[in-house]
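The values are calculated or read from the model by the stated rules, or taken from the named source; none is laboratory data. Note that the structure is predicted; figures quoted are calculated from it, not measured. Cβ coordinates were reconstructed from backbone atoms using ideal geometry, including for glycine residues, and neighbour counts include every protein chain displayed. We work out accessible area using only protein heavy atoms, side chains counted, and drop any ligands, DNA or RNA first. Shrake-Rupley method; radii C 1.70, N 1.55, O 1.52, S 1.80 Å.
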Amino acid sequence: MEKEKLKKGIDILYDMELNNYMITRMISQLDYKISKLGHKQYFDPPAEPSETSYGNDWIATMGGLGMILGGILGGVVGCSSSSGVFTSLWEGISGLFVGGIIGIVFGLIIGAIIAFSINSQENSNRQQKYEAQYRAYERDVEADKFRVKQELQKKEFLIKIKYELLERRNLAQKKLNQFYNTMHIDKDYRNLLPIAYMSDFIRLNIATKLEGADGLYYLVRKELRYDLMQLTLEDISQKLDTIIDNQSKIYRAPCDMNDQSQRLISAIDRNANDNAKLMEATKNCAELAAYNSGRIAREAEYQTFLMTINHK
């Protein structure tokens, strides 16, 4: 095969591989976003308030205070009501006892009134606080329901995008396989990394043919282990920094695809947030539609060129 046709054919294969790599990257990013959407959040409802007994201590306190005051007052009155010493002492003791009983009764009544007032106020405060917390809880639940509803709509939209990308990648892979057959590339070299090195070698005029001791196959085998030649696009995306020198042109090309995929995913994400009805998928995303149109046109050009090889 002529050098220029070989170079152009290899560049076409490389471009197709990079496109599939980018789509694979986008599908992976969409999978991550989809997995995070539509999950209901659980909120703990506030505990219902129990009856308070903070004021009950006042009953015992006022009862004891009433007994003391009543006893003292009864004793003083009893002592002062009699002139004899013995009689005065007896009357004082009787007054102390009676006054204490009367004081306890009044103290308990007053304490009960205070306790009831305190407990009623505290229960009212607790109930108001509970009702405010429950209203906040209901608002959180309703807001979360609305969020989940919105996210499920967005999730449905992103799933449509994902399946359209999967279909697009499958079609591109079929064309790529046809192009590989047309270029007569050995099956062991039909992958992104081998084609990337071939494109770089032929660009630098290091090799101008496929076979032989100075051919592209031999040079690629010197640069890449067989297991690296067979890495999937997903593996390459995850291990890019460890399998390719980050100073090389070969490294920069997938990085550019990473950046482009991120821009398209961001555009899809914005479109998913802005579209309320989400009736269509990629048609609503101008950036992705433009990219797909460009790819279709480019692949048609590739098909035309490769037909010249078949009819040489």
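Remarks
- Solvent accessible area, Å² - R169, 1.4 Å probe, full protein context: 50 Å²
- Reducing region 243-271 and region 14-28 to their Cα centroids gives an inter-centroid distance of 10 Å.
- Formal net charge of residues neighbouring L166 (Cβ-Cβ distance under 14 Å; K, R +1; D, E -1): +2
- A DSSP coil position with no more than 11 other Cβ atoms inside 10 Å describes the following GluC sites (Glu not before Pro) in region 149-222: E211.
- Candidate cross-link partners of K160 among the aspartates and glutamates, defined by an alpha-carbon separation under 18 Å and a same-chain spacing of 8 or more, comprise D31, E151, D269, D274, E280, E287.
- Sorting K7, K149 on solvent-accessible area from highest to lowest, probe radius 1.4 Å, gives K149, K7.
- Per atom type, region 180-254 shows carbon and sulfur on 45% of its accessible surface, probed at 1.4 Å.
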